[in-house]
1. For region 261-287, name all the residues that are more than 16 Å from the ligand (Cβ to nearest atom) and under 13 Å from the mean Cα position of the chain (by Cα).
2. Starting from residues that are assigned to a loop (DSSP other than H, G, I, E, B), in contact (Cβ under 8 Å) with a residue 12 or more places away in the chain and out of contact with any helix residue (DSSP H, G or I) (no Cβ under 6 Å at 6 or more places or on another chain), keep the ones in region 338-375 and report whichever is farthest from the ligand (Cβ to nearest atom).
3. Mind telling me which of the residues Phe404, Phe369, Phe429 ends up being within 23 Å of the chain's Cα centre (by Cα) and crowded, with 16+ Cβ neighbours inside 10 Å?
4. So which pairs qualify, if the first residue must be in region 300-319 and over 11 Å from Thr274 (Cα atoms) and touching a residue at least 40 places away in the same chain (Cβ under 8 Å), the second must be within 16 Å of the ligand (Cβ to nearest atom) and in a helix (DSSP H, G or I), the Cβ gap must be under 7 Å, and the two must be at least 6 apart or on different chains?
5. Evaluate the following for Val268: is it outside any helix (DSSP H, G or I), among the aliphatic types (A, V, I, L, M) and crowded, with 19+ Cβ neighbours inside 10 Å?
6. Is it fair to say Gly322 is at pLDDT 90 or above and in the same structural domain as Met201 (by TED's automatic domain parsing)?
7. Could you pull out every one of the helices (runs of 4 or more DSSP H) wholly within region 104-203 that has 3 or more residues that are of a type outside the set (D, E, K, R), surrounded by 15 or more Cβ atoms within 10 Å (Cβ to Cβ) and away from the ligand (no atom under 16 Å from the Cβ)?
8. Would you mind stating whether Lys301 is surrounded by 13 or more Cβ atoms within 10 Å (Cβ to Cβ) and among the charged types (D, E, K, R)?
Amino acid sequence: LPVIAIVGRPNVGKSTLFNRLVGKKLALVDDMPGVTRDRREGDAHLFGLDFRVIDTAGYEEDDAATLPGRMRQQTERAVADADAALFLFDARVGLTPLDEEIARWLRGTDRPVVLVGNKAEGRAGEAGLYESFSLGLGEPIAISAEHGEGMADLFGVLQPHIEAAESENPDDEAEEDENGPLKLAIVGRPNAGKSTLINAMLGDDRLITGPEAGITRDSISVPWEWRGRPVELIDTAGMRKRAKVQDKLEKLSVADGLRAVDFAEVVVMMLDATKGLEAQDLRIADRVIEEGRALVMAINKWDVAQDRKELFEGIRVALDEGLAQIRGVPLIAISAMTKKGIDELMETAFATREAWSRRVTTGELNRWFRAAIEKNPPPAPKGRRIKLRYVTQARTRPPSFVLFGTRVDQLPQSYERYLLNGIRRDLGFGGVPVRLTMRAPK
Ligand code: GDP
(Lines give C-alpha, C1' and ligand atoms only; values in the text may rest on other atoms or scores of the structure.)
Protein backbone atom coordinates (compact mmCIF):
# COMPACT_ATOMS: atom_id res chain seq x y z
CA LEU A 1 0.00 0.00 0.00
CA PRO A 2 1.11 3.55 -0.55
CA VAL A 3 2.35 5.15 2.64
CA ILE A 4 1.50 8.60 3.96
CA ALA A 5 3.39 10.01 6.95
CA ILE A 6 1.60 12.51 9.14
CA VAL A 7 4.17 14.96 10.47
CA GLY A 8 3.88 18.04 12.58
CA ARG A 9 4.79 19.43 15.95
CA PRO A 10 3.11 18.11 19.12
CA ASN A 11 -0.56 18.85 19.73
CA VAL A 12 -1.58 19.78 16.22
CA GLY A 13 -3.89 16.76 16.12
CA LYS A 14 -1.85 14.07 14.41
CA SER A 15 -3.33 11.28 16.50
CA THR A 16 -6.85 12.52 16.02
CA LEU A 17 -6.36 12.55 12.27
CA PHE A 18 -4.70 9.14 12.42
CA ASN A 19 -7.67 7.76 14.30
CA ARG A 20 -10.11 9.23 11.88
CA LEU A 21 -8.29 7.75 8.91
CA VAL A 22 -7.72 4.36 10.45
CA GLY A 23 -11.27 4.33 11.67
CA LYS A 24 -10.78 2.81 15.07
CA LYS A 25 -10.12 4.30 18.41
CA LEU A 26 -6.56 3.15 18.47
CA ALA A 27 -4.90 6.02 20.17
CA LEU A 28 -5.64 7.77 23.35
CA VAL A 29 -5.72 11.39 22.67
CA ASP A 30 -5.15 13.23 25.84
CA ASP A 31 -2.63 15.63 27.16
CA MET A 32 -1.08 13.47 29.76
CA PRO A 33 2.49 14.50 30.38
CA GLY A 34 5.29 12.03 30.63
CA VAL A 35 4.19 10.09 27.64
CA THR A 36 6.53 9.44 24.81
CA ARG A 37 5.43 7.74 21.71
CA ASP A 38 7.18 6.17 18.88
CA ARG A 39 5.54 5.92 15.52
CA ARG A 40 2.26 4.18 14.94
CA GLU A 41 1.02 2.74 11.70
CA GLY A 42 -2.38 1.72 10.49
CA ASP A 43 -4.39 1.01 7.36
CA ALA A 44 -6.34 4.06 6.38
CA HIS A 45 -9.47 4.39 4.31
CA LEU A 46 -10.69 7.62 2.90
CA PHE A 47 -13.60 7.51 0.47
CA GLY A 48 -12.28 4.38 -1.18
CA LEU A 49 -8.62 5.37 -1.09
CA ASP A 50 -6.61 2.75 0.74
CA PHE A 51 -3.24 3.61 2.11
CA ARG A 52 -1.00 3.06 5.06
CA VAL A 53 -0.59 5.91 7.44
CA ILE A 54 2.28 6.60 9.82
CA ASP A 55 1.72 8.85 12.77
CA THR A 56 5.05 10.26 13.86
CA ALA A 57 6.07 10.86 17.40
CA GLY A 58 4.26 13.31 19.56
CA TYR A 59 6.93 14.39 21.96
CA GLU A 60 6.43 16.26 25.10
CA GLU A 61 6.82 19.94 25.00
CA ASP A 62 8.36 20.35 28.39
CA ASP A 63 11.67 19.07 27.17
CA ALA A 64 12.02 21.91 24.77
CA ALA A 65 15.79 21.78 24.54
CA THR A 66 16.02 18.40 22.90
CA LEU A 67 12.63 18.28 21.25
CA PRO A 68 13.52 19.57 17.78
CA GLY A 69 16.41 17.16 17.41
CA ARG A 70 14.36 14.12 18.33
CA MET A 71 11.44 15.26 16.24
CA ARG A 72 13.64 15.80 13.30
CA GLN A 73 14.95 12.26 13.47
CA GLN A 74 11.47 10.80 13.77
CA THR A 75 10.08 12.95 11.04
CA GLU A 76 12.87 12.28 8.62
CA ARG A 77 12.70 8.56 9.20
CA ALA A 78 8.96 8.48 8.66
CA VAL A 79 9.09 10.66 5.58
CA ALA A 80 11.87 8.55 4.09
CA ASP A 81 9.61 5.51 4.47
CA ALA A 82 6.60 7.25 3.00
CA ASP A 83 5.37 8.08 -0.48
CA ALA A 84 4.20 11.49 0.65
CA ALA A 85 4.21 13.60 3.80
CA LEU A 86 1.09 15.15 5.25
CA PHE A 87 2.29 18.20 7.17
CA LEU A 88 -0.25 19.11 9.77
CA PHE A 89 -0.30 22.43 11.57
CA ASP A 90 -2.74 24.05 13.94
CA ALA A 91 -4.68 26.61 11.93
CA ARG A 92 -6.04 28.21 15.09
CA VAL A 93 -2.66 28.78 16.63
CA GLY A 94 -1.01 29.70 13.36
CA LEU A 95 2.63 29.03 12.65
CA THR A 96 5.17 28.52 15.40
CA PRO A 97 8.93 28.47 15.01
CA LEU A 98 8.84 24.70 15.18
CA ASP A 99 6.33 24.55 12.33
CA GLU A 100 8.68 26.68 10.30
CA GLU A 101 11.56 24.44 11.12
CA ILE A 102 9.64 21.31 10.13
CA ALA A 103 8.70 23.01 6.87
CA ARG A 104 12.38 23.62 6.24
CA TRP A 105 13.18 19.92 6.70
CA LEU A 106 10.33 18.99 4.44
CA ARG A 107 11.38 21.33 1.69
CA GLY A 108 14.67 19.45 1.71
CA THR A 109 13.15 16.02 1.08
CA ASP A 110 12.37 14.56 -2.30
CA ARG A 111 8.92 13.46 -1.15
CA PRO A 112 5.77 15.35 -2.03
CA VAL A 113 4.27 17.31 0.85
CA VAL A 114 0.65 18.23 1.36
CA LEU A 115 0.00 21.07 3.72
CA VAL A 116 -2.99 20.68 6.01
CA GLY A 117 -4.34 23.13 8.57
CA ASN A 118 -6.17 21.36 11.35
CA LYS A 119 -8.70 22.56 13.93
CA ALA A 120 -10.21 24.75 11.24
CA GLU A 121 -13.84 24.03 12.00
CA GLY A 122 -15.98 27.07 11.42
CA ARG A 123 -13.84 30.00 10.41
CA ALA A 124 -11.45 29.78 13.28
CA GLY A 125 -8.46 28.88 11.25
CA GLU A 126 -8.58 31.43 8.46
CA ALA A 127 -5.71 33.59 9.56
CA GLY A 128 -3.50 30.59 10.22
CA LEU A 129 -4.26 29.20 6.81
CA TYR A 130 -3.28 32.41 5.04
CA GLU A 131 -0.13 32.59 7.09
CA SER A 132 0.86 29.08 6.04
CA PHE A 133 1.31 30.08 2.41
CA SER A 134 4.59 31.53 3.60
CA LEU A 135 5.95 28.05 4.28
CA GLY A 136 6.59 27.54 0.61
CA LEU A 137 4.77 24.23 0.57
CA GLY A 138 1.91 25.26 -1.65
CA GLU A 139 -1.70 25.92 -0.87
CA PRO A 140 -3.01 24.57 2.45
CA ILE A 141 -6.26 22.73 2.83
CA ALA A 142 -8.39 23.18 5.91
CA ILE A 143 -9.69 20.30 7.95
CA SER A 144 -11.04 19.48 11.36
CA ALA A 145 -9.79 16.05 12.26
CA GLU A 146 -11.95 16.01 15.32
CA HIS A 147 -15.17 16.97 13.57
CA GLY A 148 -14.46 15.20 10.33
CA GLU A 149 -14.57 18.35 8.24
CA GLY A 150 -12.53 18.83 5.10
CA MET A 151 -12.11 15.13 4.45
CA ALA A 152 -13.17 15.50 0.83
CA ASP A 153 -10.45 18.11 0.34
CA LEU A 154 -7.98 15.83 2.01
CA PHE A 155 -8.99 13.10 -0.39
CA GLY A 156 -8.44 15.52 -3.24
CA VAL A 157 -4.87 16.36 -2.26
CA LEU A 158 -3.85 12.83 -1.30
CA GLN A 159 -5.34 10.98 -4.22
CA PRO A 160 -2.78 11.99 -6.85
CA HIS A 161 0.12 10.96 -4.62
CA ILE A 162 -1.48 7.68 -3.70
CA GLU A 163 -2.22 6.86 -7.28
CA ALA A 164 1.28 7.79 -8.35
CA ALA A 165 2.70 5.48 -5.68
CA GLU A 166 0.40 2.69 -6.76
CA SER A 167 1.45 2.93 -10.35
CA GLU A 168 5.10 2.81 -9.31
CA ASN A 169 4.55 -0.38 -7.33
CA PRO A 170 1.68 -2.08 -9.05
CA ASP A 171 1.88 -5.25 -6.99
CA ASP A 172 3.81 -4.48 -3.89
CA GLU A 173 1.24 -6.19 -1.71
CA ALA A 174 2.93 -9.34 -0.49
CA GLU A 175 6.37 -9.38 -2.02
CA GLU A 176 7.70 -6.35 -0.28
CA ASP A 177 6.24 -7.11 3.09
CA GLU A 178 7.46 -10.64 3.12
CA ASN A 179 11.03 -9.49 3.25
CA GLY A 180 10.28 -6.73 5.68
CA PRO A 181 10.46 -7.12 9.41
CA LEU A 182 8.12 -9.69 10.85
CA LYS A 183 5.46 -7.76 12.71
CA LEU A 184 4.84 -9.85 15.77
CA ALA A 185 2.42 -9.27 18.62
CA ILE A 186 2.34 -11.33 21.78
CA VAL A 187 -1.00 -11.70 23.49
CA GLY A 188 -2.45 -13.78 26.27
CA ARG A 189 -4.01 -13.62 29.65
CA PRO A 190 -2.28 -11.80 32.47
CA ASN A 191 0.55 -13.88 33.93
CA ALA A 192 0.85 -16.14 30.92
CA GLY A 193 4.43 -14.92 30.66
CA LYS A 194 4.32 -12.25 27.97
CA SER A 195 6.73 -9.89 29.70
CA THR A 196 9.08 -12.71 30.49
CA LEU A 197 9.13 -13.76 26.85
CA ILE A 198 9.76 -10.24 25.67
CA ASN A 199 12.58 -9.89 28.14
CA ALA A 200 14.03 -13.16 26.95
CA MET A 201 13.89 -11.93 23.38
CA LEU A 202 15.25 -8.48 23.90
CA GLY A 203 17.72 -9.23 26.64
CA ASP A 204 17.59 -7.48 29.94
CA ASP A 205 19.85 -4.65 28.94
CA ARG A 206 17.63 -3.58 26.10
CA LEU A 207 15.49 -0.63 27.02
CA ILE A 208 12.11 -0.40 25.46
CA THR A 209 12.06 3.36 25.43
CA GLY A 210 14.59 6.08 25.05
CA PRO A 211 16.42 7.85 27.81
CA GLU A 212 13.43 10.09 28.37
CA ALA A 213 11.89 7.05 30.03
CA GLY A 214 8.39 7.89 29.04
CA ILE A 215 6.47 4.92 27.94
CA THR A 216 4.09 4.22 25.17
CA ARG A 217 0.41 4.58 25.44
CA ASP A 218 -0.21 3.33 21.94
CA SER A 219 0.95 0.43 19.96
CA ILE A 220 4.55 0.95 19.18
CA SER A 221 7.07 -1.46 17.87
CA VAL A 222 10.44 -2.42 19.13
CA PRO A 223 13.02 -3.67 16.67
CA TRP A 224 14.58 -7.03 17.30
CA GLU A 225 16.51 -9.47 15.23
CA TRP A 226 16.23 -13.22 15.23
CA ARG A 227 19.01 -15.06 13.41
CA GLY A 228 19.71 -12.06 11.28
CA ARG A 229 16.06 -11.61 10.33
CA PRO A 230 14.38 -8.37 11.34
CA VAL A 231 11.43 -8.52 13.68
CA GLU A 232 9.21 -5.77 14.97
CA LEU A 233 7.75 -6.64 18.32
CA ILE A 234 4.47 -4.83 18.53
CA ASP A 235 3.74 -3.34 21.86
CA THR A 236 1.86 -5.43 24.34
CA ALA A 237 0.67 -4.93 27.84
CA GLY A 238 3.77 -6.79 28.88
CA MET A 239 6.08 -4.12 27.60
CA ARG A 240 4.08 -1.50 29.31
CA LYS A 241 4.16 -3.27 32.61
CA ARG A 242 7.88 -3.71 32.42
CA ALA A 243 8.45 -0.04 32.11
CA LYS A 244 6.46 0.84 35.21
CA VAL A 245 4.01 3.09 33.59
CA GLN A 246 1.66 5.45 35.33
CA ASP A 247 -1.52 4.07 36.80
CA LYS A 248 -3.83 5.52 34.26
CA LEU A 249 -2.07 3.81 31.42
CA GLU A 250 -1.71 0.55 33.26
CA LYS A 251 -5.46 0.19 33.45
CA LEU A 252 -5.70 0.16 29.70
CA SER A 253 -3.38 -2.73 29.27
CA VAL A 254 -5.78 -5.57 28.53
CA ALA A 255 -7.47 -3.84 25.65
CA ASP A 256 -4.11 -2.57 24.52
CA GLY A 257 -2.72 -6.04 24.24
CA LEU A 258 -5.46 -6.89 21.81
CA ARG A 259 -5.01 -3.63 20.02
CA ALA A 260 -1.52 -4.70 19.12
CA VAL A 261 -3.20 -7.39 17.02
CA ASP A 262 -4.28 -4.73 14.53
CA PHE A 263 -0.68 -3.91 13.80
CA ALA A 264 0.67 -7.42 13.64
CA GLU A 265 1.17 -9.93 10.86
CA VAL A 266 1.64 -12.83 13.20
CA VAL A 267 0.25 -13.06 16.70
CA VAL A 268 1.80 -15.32 19.29
CA MET A 269 -0.81 -16.29 21.79
CA MET A 270 0.62 -17.46 25.08
CA LEU A 271 -1.04 -20.17 27.13
CA ASP A 272 0.00 -21.07 30.63
CA ALA A 273 0.92 -24.75 30.94
CA THR A 274 0.03 -24.67 34.60
CA LYS A 275 -3.48 -23.47 33.80
CA GLY A 276 -4.34 -25.27 30.60
CA LEU A 277 -6.61 -23.87 27.93
CA GLU A 278 -9.47 -21.76 29.20
CA ALA A 279 -12.49 -20.20 27.58
CA GLN A 280 -10.91 -16.78 27.69
CA ASP A 281 -7.98 -18.05 25.66
CA LEU A 282 -10.32 -19.18 22.94
CA ARG A 283 -12.03 -15.81 22.93
CA ILE A 284 -8.73 -14.03 22.48
CA ALA A 285 -7.74 -16.43 19.73
CA ASP A 286 -11.09 -15.92 18.03
CA ARG A 287 -10.53 -12.22 17.97
CA VAL A 288 -7.12 -12.71 16.35
CA ILE A 289 -8.61 -14.93 13.68
CA GLU A 290 -11.47 -12.54 13.09
CA GLU A 291 -8.92 -9.83 12.41
CA GLY A 292 -7.38 -12.16 9.85
CA ARG A 293 -4.01 -12.39 11.53
CA ALA A 294 -1.81 -15.45 11.44
CA LEU A 295 -1.73 -17.15 14.79
CA VAL A 296 0.86 -19.24 16.59
CA MET A 297 0.02 -20.76 19.95
CA ALA A 298 2.74 -21.06 22.56
CA ILE A 299 2.30 -23.13 25.72
CA ASN A 300 4.54 -21.38 28.19
CA LYS A 301 6.03 -22.53 31.50
CA TRP A 302 6.83 -25.90 29.96
CA ASP A 303 9.69 -26.14 32.45
CA VAL A 304 7.21 -26.73 35.23
CA ALA A 305 4.51 -28.53 33.24
CA GLN A 306 3.20 -31.85 34.53
CA ASP A 307 2.22 -34.81 32.34
CA ARG A 308 3.57 -33.09 29.32
CA LYS A 309 2.44 -35.52 26.67
CA GLU A 310 -1.18 -35.59 27.81
CA LEU A 311 -1.19 -31.86 28.35
CA PHE A 312 0.09 -31.13 24.87
CA GLU A 313 -2.30 -33.55 23.18
CA GLY A 314 -5.20 -32.26 25.25
CA ILE A 315 -4.56 -28.69 24.22
CA ARG A 316 -4.03 -29.73 20.60
CA VAL A 317 -7.43 -31.43 20.49
CA ALA A 318 -9.18 -28.62 22.34
CA LEU A 319 -7.75 -26.06 19.93
CA ASP A 320 -8.81 -27.98 16.86
CA GLU A 321 -12.30 -28.29 18.27
CA GLY A 322 -12.56 -24.79 19.66
CA LEU A 323 -10.98 -23.07 16.67
CA ALA A 324 -12.26 -25.08 13.76
CA GLN A 325 -11.60 -22.14 11.43
CA ILE A 326 -7.88 -22.64 11.78
CA ARG A 327 -7.60 -26.33 12.34
CA GLY A 328 -3.94 -27.20 12.62
CA VAL A 329 -2.84 -23.92 14.17
CA PRO A 330 0.83 -24.24 15.13
CA LEU A 331 1.37 -25.13 18.77
CA ILE A 332 4.78 -24.80 20.38
CA ALA A 333 5.87 -25.61 23.92
CA ILE A 334 8.20 -23.00 25.35
CA SER A 335 9.69 -21.74 28.54
CA ALA A 336 10.14 -18.02 28.49
CA MET A 337 12.05 -18.35 31.72
CA THR A 338 14.67 -20.83 30.56
CA LYS A 339 14.45 -19.55 26.98
CA LYS A 340 13.68 -23.00 25.63
CA GLY A 341 11.58 -23.21 22.50
CA ILE A 342 11.97 -19.59 21.46
CA ASP A 343 13.86 -20.54 18.31
CA GLU A 344 11.20 -22.99 17.30
CA LEU A 345 8.59 -20.37 18.04
CA MET A 346 10.27 -17.81 15.81
CA GLU A 347 10.90 -20.30 13.05
CA THR A 348 7.21 -21.14 13.12
CA ALA A 349 6.20 -17.48 13.20
CA PHE A 350 8.17 -16.79 10.03
CA ALA A 351 6.82 -19.88 8.31
CA THR A 352 3.29 -18.90 9.29
CA ARG A 353 3.72 -15.46 7.82
CA GLU A 354 4.82 -17.09 4.61
CA ALA A 355 1.68 -19.19 4.45
CA TRP A 356 -0.41 -16.18 5.34
CA SER A 357 1.18 -14.21 2.48
CA ARG A 358 1.09 -17.06 0.00
CA ARG A 359 -0.56 -16.68 -3.36
CA VAL A 360 -1.52 -19.76 -5.33
CA THR A 361 -1.87 -19.50 -9.07
CA THR A 362 -5.36 -19.66 -10.51
CA GLY A 363 -4.28 -22.76 -12.42
CA GLU A 364 -3.13 -24.64 -9.35
CA LEU A 365 -6.16 -23.50 -7.44
CA ASN A 366 -8.65 -24.65 -10.04
CA ARG A 367 -6.97 -28.00 -10.65
CA TRP A 368 -7.41 -28.59 -6.95
CA PHE A 369 -10.96 -27.22 -7.09
CA ARG A 370 -12.11 -29.48 -9.92
CA ALA A 371 -10.76 -32.53 -8.10
CA ALA A 372 -12.45 -31.43 -4.89
CA ILE A 373 -15.91 -31.00 -6.42
CA GLU A 374 -15.57 -34.18 -8.38
CA LYS A 375 -14.75 -36.12 -5.26
CA ASN A 376 -17.60 -34.58 -3.32
CA PRO A 377 -20.08 -32.81 -5.63
CA PRO A 378 -22.12 -29.93 -4.24
CA PRO A 379 -25.62 -30.83 -3.15
CA ALA A 380 -28.78 -30.25 -5.16
CA PRO A 381 -31.33 -28.60 -2.89
CA LYS A 382 -34.87 -29.11 -4.22
CA GLY A 383 -33.42 -31.09 -7.06
CA ARG A 384 -31.61 -28.14 -8.57
CA ARG A 385 -27.88 -28.48 -8.68
CA ILE A 386 -25.64 -25.75 -7.39
CA LYS A 387 -23.14 -25.13 -10.12
CA LEU A 388 -19.69 -24.18 -8.96
CA ARG A 389 -17.56 -22.68 -11.68
CA TYR A 390 -14.18 -21.57 -10.42
CA VAL A 391 -12.19 -20.05 -7.57
CA THR A 392 -9.74 -17.18 -7.50
CA GLN A 393 -7.53 -15.92 -4.75
CA ALA A 394 -8.56 -12.33 -4.35
CA ARG A 395 -6.11 -11.39 -1.64
CA THR A 396 -3.30 -12.51 0.58
CA ARG A 397 -2.63 -11.63 4.21
CA PRO A 398 -5.00 -13.27 5.03
CA PRO A 399 -5.54 -15.51 2.05
CA SER A 400 -9.01 -14.77 0.70
CA PHE A 401 -10.78 -16.68 -2.03
CA VAL A 402 -13.82 -16.00 -4.14
CA LEU A 403 -15.95 -18.83 -5.40
CA PHE A 404 -18.07 -18.24 -8.48
CA GLY A 405 -21.10 -20.27 -9.40
CA THR A 406 -24.85 -20.28 -9.74
CA ARG A 407 -27.08 -20.53 -6.68
CA VAL A 408 -23.99 -20.28 -4.50
CA ASP A 409 -26.11 -18.56 -1.88
CA GLN A 410 -27.76 -21.93 -1.26
CA LEU A 411 -24.51 -23.71 -0.61
CA PRO A 412 -24.68 -25.31 2.83
CA GLN A 413 -22.13 -24.23 5.39
CA SER A 414 -20.86 -27.76 5.67
CA TYR A 415 -19.88 -27.67 2.01
CA GLU A 416 -18.17 -24.32 2.43
CA ARG A 417 -16.19 -25.81 5.28
CA TYR A 418 -15.30 -28.78 3.12
CA LEU A 419 -13.79 -26.44 0.54
CA LEU A 420 -12.08 -24.24 3.10
CA ASN A 421 -10.53 -27.17 4.89
CA GLY A 422 -9.33 -28.51 1.58
CA ILE A 423 -7.75 -25.21 0.61
CA ARG A 424 -5.96 -25.07 3.93
CA ARG A 425 -4.83 -28.66 3.92
CA ASP A 426 -3.92 -29.14 0.27
CA LEU A 427 -2.65 -25.76 -0.81
CA GLY A 428 -0.26 -24.89 2.00
CA PHE A 429 -2.35 -22.65 4.22
CA GLY A 430 -2.20 -24.79 7.34
CA GLY A 431 -3.16 -22.96 10.50
CA VAL A 432 -3.82 -19.57 8.99
CA PRO A 433 -7.24 -17.97 8.71
CA VAL A 434 -8.56 -18.43 5.21
CA ARG A 435 -11.60 -16.64 3.87
CA LEU A 436 -14.03 -17.75 1.23
CA THR A 437 -16.78 -15.65 -0.27
CA MET A 438 -19.35 -16.69 -2.83
CA ARG A 439 -20.31 -14.80 -5.88
CA ALA A 440 -22.76 -15.43 -8.66
CA PRO A 441 -21.30 -14.37 -12.01
CA LYS A 442 -22.85 -11.27 -13.48
P1 GDP B 1 2.44 -11.42 31.68
O2 GDP B 1 1.41 -10.87 32.57
O3 GDP B 1 1.82 -12.27 30.62
O4 GDP B 1 3.36 -10.43 31.11
O5 GDP B 1 3.28 -12.47 32.57
P6 GDP B 1 4.73 -12.30 33.24
O7 GDP B 1 5.78 -12.36 32.20
O8 GDP B 1 4.71 -11.17 34.16
O9 GDP B 1 4.84 -13.67 34.04
C10 GDP B 1 3.96 -14.01 35.10
C11 GDP B 1 4.64 -14.98 36.06
O12 GDP B 1 4.95 -16.21 35.43
C13 GDP B 1 5.95 -14.44 36.58
O14 GDP B 1 6.04 -14.79 37.93
C15 GDP B 1 7.00 -15.18 35.75
O16 GDP B 1 8.21 -15.32 36.45
C17 GDP B 1 6.35 -16.50 35.53
N18 GDP B 1 6.81 -17.11 34.27
C19 GDP B 1 6.83 -16.56 33.05
N20 GDP B 1 7.34 -17.42 32.13
C21 GDP B 1 7.66 -18.56 32.80
C22 GDP B 1 8.20 -19.83 32.40
O23 GDP B 1 8.54 -20.10 31.25
N24 GDP B 1 8.35 -20.76 33.38
C25 GDP B 1 8.00 -20.51 34.66
N26 GDP B 1 8.18 -21.49 35.53
N27 GDP B 1 7.48 -19.34 35.07
C28 GDP B 1 7.30 -18.37 34.16
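1. If the condition is that a residue be more than 16 Å from the ligand (Cβ to nearest atom) and under 13 Å from the mean Cα position of the chain (by Cα), then Asp262, Phe263, Ala264, Glu265, Val266 are the ones that fit.
2. Going through region 338-375, the residues assigned to a loop (DSSP other than H, G, I, E, B) turn out to be 338-339, 341, 357-361.
Next, only the ones that are in contact (Cβ under 8 Å) with a residue 12 or more places away in the chain stay: 338-339, 341, 357-360.
The next check asks that each one be out of contact with any helix residue (DSSP H, G or I) (no Cβ under 6 Å at 6 or more places or on another chain); those that pass are 341, 358-360.
Details: Gly341: 9, Arg358: 31, Arg359: 35, Val360: 37 Å.
Result: Val360.
3. Values: Phe404 fails: within 23 Å of the chain's Cα centre (by Cα); Phe369 fails: within 23 Å of the chain's Cα centre (by Cα).
Result: Phe429 is the single residue among Phe404, Phe369, Phe429 that is within 23 Å of the chain's Cα centre (by Cα) and crowded, with 16+ Cβ neighbours inside 10 Å.
4. Once the first residue is over 11 Å from Thr274 (Cα atoms) and touching a residue at least 40 places away in the same chain (Cβ under 8 Å) and sits in region 300-319, no partner that is within 16 Å of the ligand (Cβ to nearest atom) and in a helix (DSSP H, G or I) comes close enough.
5. Working: outside any helix (DSSP H, G or I): yes; among the aliphatic types (A, V, I, L, M): yes; crowded, with 19+ Cβ neighbours inside 10 Å: yes.
Yes; evaluated as a whole, the condition is true for this residue.
6. Details: at pLDDT 90 or above: no; in the same structural domain as Met201 (by TED's automatic domain parsing): yes.
No.
7. Numbers: elements: 126-132, 151-168, 173-179, 194-202.
So the answer is 126-132, 151-168.
8. Details: surrounded by 13 or more Cβ atoms within 10 Å (Cβ to Cβ): yes; among the charged types (D, E, K, R): yes.
When the stated conditions are applied, Lys301 passes them.
The values are calculated or read from the model by the stated rules, or taken from the named source; none is laboratory data. A quick note: this is a predicted structure, and the numbers were derived from the prediction, not measured. When we count neighbours, we look across all protein chains shown, and the Cβ atoms used for this are built from the backbone with ideal geometry, even at glycine.
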